[in-house]
Amino acid sequence: MKFTTLITSTTLSLGILAGSAFAQDPISNAIGARQSLMRLYAFNIGTLGGMAKGAIAYDAAAATTAAANIAKLASIDGRAMFPTGSDDKAAANTAAKPEIWSNMADVGAKFGDLVKASIAMEAAAGGGLDALKGGIGALGGACGACHKAYRTPKS
């Protein structure tokens, strides 16, 4: 019983310390949040893209789930994840170009295209492989348009 109490209190203490340290750096917090969001997009788009390319067997249920996840992710208001000073020139560990902050209208338009493409993909994904293939190009194009303009390419 004493061992369980010790483990519980130690875990709780470490969690509080980690949480307070994390909360003290809002730039790192924002970068981490948006990178996590991008990983979720990539994970689900990987499923759809794999099916479209034939690398993964088409599965209507899995395609529908991945597309629904993308549509839900696209509904997140991520503006707070892009505070000034969280670009690749001001902060480590990010590929976000400073141009994002001077072109917010364009970023918003590109994000609107992502929302539209994700809704269309959600409607098409479970309708067969040809329907999925018909929607994946627009979805990938919407992602790529923003990344091409506002993400530093990997070396």
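The values are calculated or read from the model by the stated rules, or taken from the named source; none is laboratory data. Keep in mind that what you see is a predicted model, and the values were worked out from it rather than measured. Cβ sites come from the backbone with ideal geometry, for glycine too, and all protein chains shown count toward neighbours. Only protein heavy atoms, including side chains, enter the accessible area calculation; ligands, DNA and RNA are left aside. Shrake-Rupley method; radii C 1.70, N 1.55, O 1.52, S 1.80 Å.
Within a straight-line Cα-Cα reach of under 29 Å, LYS116 can be paired with the following lysines, leaving aside sequence neighbours fewer than 8 residues apart in one chain: LYS53, LYS72, LYS97, LYS133, LYS148, LYS154. Classify the chain from the C-alpha gyration tensor, please: rounded if a/c falls under 1.5, else prolate or oblate depending on whether a/b exceeds b/c. Cα axes put the chain in the oblate bin. Just going by the charge dipole of segment 19-112, with Lys and Arg at +1 and Asp and Glu at -1 on Cβ, which of ALA61, ALA91, MET38 is farthest out on the positive end? Of the listed residues, the answer is ALA61.
With R₀ fixed at 22 Å, the C-beta to C-beta distance from ALA68 to ALA145 puts the FRET efficiency at about 0.45. Each Lys and Arg adds +1 at its Cβ and each Asp and Glu adds -1 at its Cβ; summed about the Cα centre, segment 39-143 shows a dipole of about 80 debye.
Could you tell me what percent of the accessible area of segment 54-155 is made up of carbon and sulfur, with a 1.4 Å probe and every protein chain present? Ligands and nucleic acids excluded, carbon and sulfur give 60 percent. The amide H of ARG151, built 1.01 Å from its N in the peptide plane, has LYS97 as neighbours under 5 Å, considering only residues 5 or more places off or on other chains. Cβ under 12 Å from ALA52's Cβ, ALA52 left aside: what net charge do those residues give with Lys, Arg +1 and Asp, Glu -1? Combined, the nearby Lys, Arg, Asp and Glu give +1. Accessible surface for segment 16-155, divided over its residues, is 56 Å² per residue with a 1.4 Å probe.
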